[in-house]
Structures are given as C-alpha cells and as structure tokens.
Amino acid sequence: MTDFLKIQNVRKTFPGVVALDDVSFSVAPGEIHTLLGENGAGKSTLMNVLTGLYHPDRGQISVAGEPIHFTSPRDSLACGIGMVHQHFMLVPAHSVFENILLALDNVPNFYSKKKYKEKIQKLIDEFDLDLDLDIPVWKLSIGAQQWIELIKLLMRDCQLLILDEPTAVLTPQEAERLFNVLRKLKEQGKSIIFISHKMREVMEISDRVTILKKGCSIATRTRGDFDESTLASLMIGKDKIPQWQKNLQMSDEIVLDIQNLSVRNDRGLSDLDDFNLQLKKGEILGIAGVAGNGQKALAEVLTGLKNTSQGKIMAGEEDITNSNARYSYIAGIAHIPEDRKTIGIAPDMSVDENLIMKSFKSGSFRNWIFQNKKAIRRNAEEKIEQFAIKSGPDGTPVRYLSGGNIQKVIIARELSEHPAVLVALYPTRGLDIGSAGYVHKVIADGADRGMSTILIAEDLDELLKLSDRIAVMFRGKLIGYVDPRKTTREEIGLMMSGEKGSLPDLP
Amino acid sequence: MKLVMERREISSPLLRFSAPIASIAVALFVAGFLLLASGVSPLAAYKEILIESLGSLYGLSETLVKTTPLIFAGLGVSLAFRMQIWNIGAEGQIYMGAMGATWVALFSGIQNHWVMMVAMFFAAFFCGGLWAGVAGILRARWQVNEVIVTLLMNYIAILWVDYLIYGPWKDPKGFNFPLTAQFGDAARFAEYFNTRFHSGFFLAVFCALILYLFIERTVWGYEIKVIGSNPKAARYAGMNTGMAIFFVLFLSGAIAGIAGFSEVAGLQHRLQHGISPGYGYTAIIIAWLAKRSAIGVVIVSFLMGVLLVGGDSLQLLWQLPVAFVYAFQGLILFFLLASDFFIIYRVKLVKGVING
C-alpha cells in the first residue's frame, strides 16, 4: 500500500534557529502514527509545515505519491490534510451546526439546512458522539468541542487528520472515547498523526512511532517493536552526561517543605495531586518530568499565582500555604516564569523600569511618593554590566531586546533581592548556547551563596548538569528523587513514565 | 504584485513626532473639500479661524475659555488611557462635577470665597470620581466593559442634571427657564482683562503639571504604567490591579469633574442645560492626539480651543453649520489613528507570490 503522506529530509530554519533539521517519515492509510518528542524538538514547526503555514527550506512532501507544494493552509486542506489544534478554533456564541458550516467551502448562499444537518447527524451517529447540533458551543464540555473540530475535518473529507496533543485537555473518560473514535477512523482508512507526551496513550493507540529530537527524526518504530522505556530513552538520547562542579557539602536545613499539596485547575482536574517535596538550603533541586505533569502548577503555587486546594507549604517554621504571610514571603521566593514575554516584563517600558518591577516600593528606589530616578538608573547600570545585558540606547522599550537579553533582565531582577528560594521554569528555553550557559552560571553562583533553587526544565542534560538532586514528577505526583551523579537516563526516563524509582528518598 | 505589511523593528522618533502633525495637515486638506463643497475658500476659512481665535485679546481669551474645560477632561481621559482603561464618560463626569459644585454653591451657605472654592472643588472632584468609580468597581470586580458603562452613564448624568434644573433646583425667579439661581460672588472665579477669561485656566494648567509629576515621577504612576503595559506582569509582580483600575477610573472621573466645577464657577455662574457641548467627547480625541501625555494635553486642548472658537466665526461669517467643526475633529482623529498604523507597520509592494 502506498503511503498517503511522505515527508523526506525536510528542513526549516528561522533567523538564528534551526527549527527542523532533517525530518523524514510517512503515514499510510489506516495508520495511527505518533510523533513523540520533547518540547522544542520541532513538532509544532513540522505541523505548521504540513498545514501549509510554513514553507520548508528544503526537502520534499508528497501526498498520495504526488509531490506537492503548499503555499497556504488552503492548499493543504485541499489535499485532504486537516488539523485539530490544541486551542480550538470555534465561535463560542454560535451553535454547533453553525460552527461546522463555517468550516465548509462551497456552501451555497441559499443552502438547505435540513440536508446539511442530516449529513452532519449521520457522522455523529456513525461515531456514536452525542452532540446536539443546535446547542451553542460555549455550553459544551471541552471534549465535545473537540468532536466538533473532528466533524469539521470529516465534513471536508480530510484523509489525514493531525491531532496536536488532543488528550491534554481531556478527562481520562473523554480520552477513552476519543480513542474509540480514532480507531473507527482508522478502520475507515483514514491516516492519523497523533502528537502526545503521554507514554501510556502512545503505547495504547500507535501503529508506528517517530521520535523527533532537536529537529531530526531519529527513529521510527513499528508496533511490537517498542515499549515505554525504549521510547523514553530514544526521546532522551544517549549522549554522555555532562560534568559540572556540584555543590558537595549540602546543608540538611530544609527551607521549603511541601506537604500533601493538591491543586485543581479550571476544569476540575488535578494539576498537583498529593504532592510532596523538600528543598534544602543551598541546593539546586531539578524537577524532571514530561511537560504537563504539574510542573507549572508547582511553580505557580510556590510564587503565589495559584491557590492550593489541599496541603501545606512550610517555609522553615512559617506556614505560607494560602495566607497573607505568603504574599510577604513572595519577596523571598523569586520566580523566573515560563512565559517570559507575557508575564515577565512590561514590554513598553524601559530596561530600567522593568528591573525594579518587584522592588519599586522599596525604600532604595523612592523618595517619599516619588521614584528615585537616580537610584533606578544606577541600579540598571549595575545590573546591565553585571549580567552583560545588551539593552540598546537608554530608555529602549524592553520588547526590542532579544529573547536572551529579556531573560537576563528578568533574572537580574529576580535575583536582585537576594531571594532565599528561586523557582526557575524552563529558564533556558529558546536561548542560544551562550545565554543559556550564562543562566546556568548565575543559578550555580546563587547556590554558592546559599540560595536554594527549584529548577524545572525539560532538557535532561541541563538537569543532570546543574542539579544536586533531581525529583521526578508524573501526573502531579512525586515519583521519587534521584542522585544525578549516580543515576542513568534510563532510570529517569522510566520514572517519568510513572514507574516508581528505586530511591524513594535520598539520604 | 502584492502589498505586504511588515512590523517595524523600531519606529523612528522623527516619524512618531511628525505623524500627528501630518495627520492634522491631511485632515485640513480633506476638510478643505468640505469647505469647497459649501462654497467657501478653504484658505480664507483657515485664515479666518486663526485670526478670530488668536488675532485679538478677545479672541485669545475666548480660546482659553474653551481650552480650560478641554484640559481638565483631556487630562482625566488620558490618565485612564495610560492604563489601557477606556473612559469614554468624561462628558457625564463633567456634568456630575458641575452638579456637585453647584450644590455647594447654592446650598452650603459658605460666605468665605476660599473656603467656598475648596468646598466646590472637592464636591466636583468626588462627584465626578464616584460617577466614574462605578464603572471602575464593575470593571475590577466583574470584568464589565468600562467603555459601555462610562458611555451609557453619560446619558444618565446629563438627564439627571436636566431633572434638577427643570425641577427641584430651578430658579424660582428664572421665568421658568431651566436654570438654577445665580451663584453668589463667593462662588465665582476671578475674571481678567474685562473678558470671560477666568482663573479656571490656571487651575487646569496646574492640574496638568501635578498629573505629569504623578505619572512620570511617582511610585503610583509607575504602577499605572506597568499595569497599562502588561496587566499580567503587574499581577505577577504583586500589584493589586483591581484596586488600581478603580483608583485610576476614580481619579480620571474626578479630574473631568473639575471641568464641571470650572465651568459653573468661572463661566456660567449657575447650572444650566447643556453645560458641556461635548467637551467630554472632544477630550477623547485630545488624549489620543497628545499621546496620553499630560503636557501634550494642554497643547492639544489649546489647538482644539482655536478650532472651536474659529469654527464659531465660520458659522457667523459664512453660515457654515457647527457640524463642520465636529467633522473636522473627526477627520483629525481618523487620520491620527491611520498614522499610528504607519508608525507600527511598513507597507511594501512585493512582486510575485509570497511563500511562507
């Protein structure tokens, strides 16, 4: 059987970044093909190439044996390639029927509502989805909204369906239903590209799995030829573990003690579930885990951006769980946010002003009700020099700085108050090697001064290199701690997929 | 061939400075056609506007009289805009401010001029502030869109003042006109040069200076700017954005309310129907033209004053409708918004098909 879609040696670069280096894989009719890779491995870029948003620099894409050339998403749809995005493209106030109709081409100006409704209803019955066509979309659960997206593609007669982390937003029951639908689609001979982080799902549904790493497709495995640990180790890689001077005399004093912490998200699911963690003074505690297993919630709870539903956070003797004491303590917990541009900076304001965003009320930057411009300027000069920030002419709005320099501004600000605890979320994501190395050095220097760091990262190399201990998270729970000097990637990979570690706690 | 829009990396200061001037020039040009259509030579009309509004002591004083409420209202609106809060309700806040000041002037029985002035000032300040504060609470607590609330509350305020002057506050000796009684001398601003020019103007300029210092120099101003630039970052930095929204809308309305005080104490000496002929709406244009800067508001308000006074003379001289002035204001705002687009984007003509 010829492959429906074949991708050969695709490469796509952006100024300064190689997003896709060399990707090849193929999808046959009636196949569910999973793409597996860490964040930043190039999955989204690849999807954007497939849906015609990006044009590859090199390489060939062919559909049903014909080489093709997408110039816009319209071309890709015309070839029968459709995608269910992570964020649904629906009009909340309109009915299910209207939303589906909106996605169709060639609807005549005077169309027969009845005919279209019947056609859609037939699909709904076929896949056993209970969906009322006249109900407005905002009233539906996330799972049902996803069905609408699927029906839209089926109405357009798409042969290849791309699902970008479809289960990330679903409850386990909804996910199970989705899998049943996918299996039926497969029986009908549709091709499906399935993107997921969740190892269990990948095992359950994939016919083949292609692993992406740093923009390359490094392996494709057929069902029966893979298990969770081979996939995990392929994804993580087998390079030598880098060496780094570790902080050997670790104190036993616990600065932060998280006990049985649970956090629910907006949909009522648990981001953190009975989570426990101890942070010792002066250590760098790495948090490993596949993205979406509660790392972000952990950081948000610690820095006061999210409330807990259960459990306790103790800072030394002080309970900082949900009390106001926490807000006062926020001064002692610094935070390098994941989303640096959306919450880390005020983009229209200067570097000087951004550097004092957390300490603008403190005495050193004000005279009575006025800002002390001289002190603010002096502080900026100091930080710009200390952190080697390339800030452009004085007063340049921060948004004109490069990603690495913005990150330096944030780090300079967060560390300026000499916090006792630093929570760093993916601090080197999207940075070039030089800036990333600098960030590592700053964190390590902080540890020498007695600062404790919770380092949440997706790059295992980074964690192994920096951390004094690594805690592994899975579905909002702590699986266990490992010692980066003794562990192997395989062990961490297994723990990331939920297997209990051999070391329940480090002595 | 295809037109492509491209975001500029950094817009040059020259461009940012010249854009408002260019947009006024283009607006003048387009308005010229309107004038031609009504059989008036544009050049003669523009010359007339300048001579009438600036060419004599009387003209200049009238221009400053019109400038005064525009400065207050423009300052109020620009303060809110600074935080990306869209206060469209300066008109209503002017009416409520005027009502507060009038209430003190008519019913407090204060005899001392300065005590009276201070009392009227604060009455106007709080009436305007609380009126806008309603929108502030709704926005901060329940995310109700402040544009709708402030706009609709204009109508309530105007009709409420109408009710007072047609009903309970009507001057018994006023031959049944919809006016309150005249204020006593204690409740009037000083007037100068035998014209209608009054102390309100100095108060307005003083307010502009205070507001400038407030925004550019104080800790609160910094907070407002951070929230305006990125509310999420502000929350992340531990700022109380809800409180700030209420506070800024309150202050914005309060400053607009002072315009009402200045109008009744300096000009009308009573509360009457139509105390503001749309100053609150013109203020929106002023705040935008001034790029939300307090000093800019003073300059632009003066230009608008020129236009209003000059426009009046066009009515007298050529029987042009007052709508011409509003059309001209609209054109300026329109071209200004368009020029913003060209400051942010560069438009290029590209040959062939665009890939990726």
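The values are calculated or read from the model by the stated rules, or taken from the named source; none is laboratory data. These figures come from a predicted structure and were not determined experimentally. FYI the Cβ positions are ideal-geometry reconstructions off the backbone, even for glycines, and counts take in every protein chain you see. Side chains included, ligands, DNA and RNA excluded: accessible areas come from the protein's heavy atoms. Shrake-Rupley method; radii C 1.70, N 1.55, O 1.52, S 1.80 Å.
Data overview
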item	result
Check on A:Ala325, surrounded by fewer than 14 Cβ atoms within 10 Å (Cβ to Cβ), more than 27 Å from the chain's Cα centre (by Cα), more than 9 Å from chain B (Cβ to nearest Cβ) and modelled with pLDDT under 85	yes
The range B:206-229 - residue that is open to solvent by 10 Å² or more (accessible area, probe 1.4 Å) and of a type in the set (Ser, Thr, Tyr) and, of those, nearest to the other protein chains (Cβ to nearest Cβ)	B:Ser229
Residues of the range A:368-379 that turn out to be over 28 Å from A:Ala447 (Cβ atoms) and more than 7 Å from chain B (Cβ to nearest Cβ), as a count	7
Enumeration of residues in the range B:295-311 that are within 20 Å of B:Ala208 (Cα to Cα) and open to solvent by less than 10 Å² (accessible area, probe 1.4 Å)	B:Val297, B:Ser301, B:Met304, B:Gly305
Residue, modelled with the lowest pLDDT, within the range A:491-507, restricted to residues that are acidic (Asp, Glu) and in a loop (DSSP other than H, G, I, E, B)	A:Asp505
Per-region count, the range A:95-136, residues without any contact (Cβ under 8 Å) to a residue 24 or more places away in the chain and assigned to a loop (DSSP other than H, G, I, E, B)	8
Qualifying residue in the range A:329-337 (condition: more than 10 Å from chain B (Cβ to nearest Cβ) and at pLDDT below 80)	yes
Selected residue [at pLDDT 85 or above, open to solvent by 10 Å² or more (accessible area, probe 1.4 Å) and closer than 30 Å to A:Asp21 by Cα] from A:Ser206, A:Ser191, A:Ser217	A:Ser217
Residues located in the range A:142-158, provided they are open to solvent by 10 Å² or more (accessible area, probe 1.4 Å) and not in a helix (DSSP H, G or I)	A:Arg156, A:Asp157
Some residue of the range B:147-165 being without any contact (Cβ under 8 Å) to a residue 40 or more places away in the chain, assigned by TED's automatic domain parsing to the domain that holds B:Thr241, farther than 30 Å from B:Ile227 by Cβ and in a helix (DSSP H, G or I)	yes
Condition met for A:Thr487 (hydroxyl-bearing (Ser, Thr, Tyr), free of Cβ contacts under 8 Å to residues at least 60 places away in the same chain and crowded, with 20+ Cβ neighbours inside 10 Å)	yes
Sole exception among (1) within 14 Å of chain A (Cβ to nearest Cβ); (2) basic (Lys, Arg); (3) under 23 Å from B:Glu91 (Cβ atoms) for B:Arg270, by number	(1)
Some residue of the range A:42-57 being open to solvent by 50 Å² or more (accessible area, probe 1.4 Å), assigned to a strand (DSSP E or B) and either farther than 22 Å from A:Arg221 by Cβ or modelled with pLDDT of 85 or more (or both)	no
Hey, A:Gln121 more than 27 Å from A:Arg74 (Cβ to Cβ), assigned by TED's automatic domain parsing to the domain that holds A:Ile100 and open to solvent by 10 Å² or more (accessible area, probe 1.4 Å) or not	yes
Candidate set from the range A:338-367 (those that are assigned to a strand (DSSP E or B) and more than 7 Å from every other protein chain (Cβ to nearest Cβ)); member that is most open to solvent (accessible area, probe 1.4 Å)	A:Asn367
Members of the range A:84-96 that are buried (at least 19 other Cβ atoms within 10 Å of the Cβ) and either modelled with pLDDT of 90 or more or outside the structural domain of A:Leu161 (by TED's automatic domain parsing) (or both)	A:Val96
Criterion: crowded, with 16+ Cβ neighbours inside 10 Å, under 30 Å from A:Asn367 (Cβ atoms) and either acidic (Asp, Glu) or away from every other protein chain (no Cβ under 14 Å) (or both) - qualifying residue of B:Gly253, B:Gly260	B:Gly253
Test: A:Glu385 is in a helix (DSSP H, G or I), surrounded by fewer than 23 Cβ atoms within 10 Å (Cβ to Cβ) and more than 10 Å from every other protein chain (Cβ to nearest Cβ)	yes
Residues of the range A:61-94 classified as part of a loop (DSSP other than H, G, I, E, B) and under 26 Å from the mean Cα position of the chain (by Cα), total	8
Test: A:Leu161 is assigned to a helix (DSSP H, G or I) and closer than 26 Å to A:Gly52 by Cβ	no
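Residue-by-condition table, conditions (1) within 14 Å of another protein chain (Cβ to nearest Cβ); (2) open to solvent by 40 Å² or more (accessible area, probe 1.4 Å); (3) in a strand (DSSP E or B):
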| position | (1), (2), (3) |
| --- | --- |
| A:Glu381 | no, yes, no |
| A:Arg413 | yes, no, no |
| A:Val423 | yes, no, yes |
| A:Leu431 | no, no, no |
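Results for (1) in the same structural domain as B:Val297 (by TED's automatic domain parsing); (2) touching a residue at least 40 places away in the same chain (Cβ under 8 Å), shown as yes or no for each residue.
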| position | (1), (2) |
| --- | --- |
| B:Leu50 | no, yes |
| B:Glu62 | no, yes |
| B:Ala73 | yes, yes |
| B:Val77 | yes, yes |
| B:Glu91 | yes, yes |
| B:Gly97 | yes, yes |
| B:Gly109 | yes, no |
| B:Trp114 | yes, no |
| B:Val118 | yes, no |
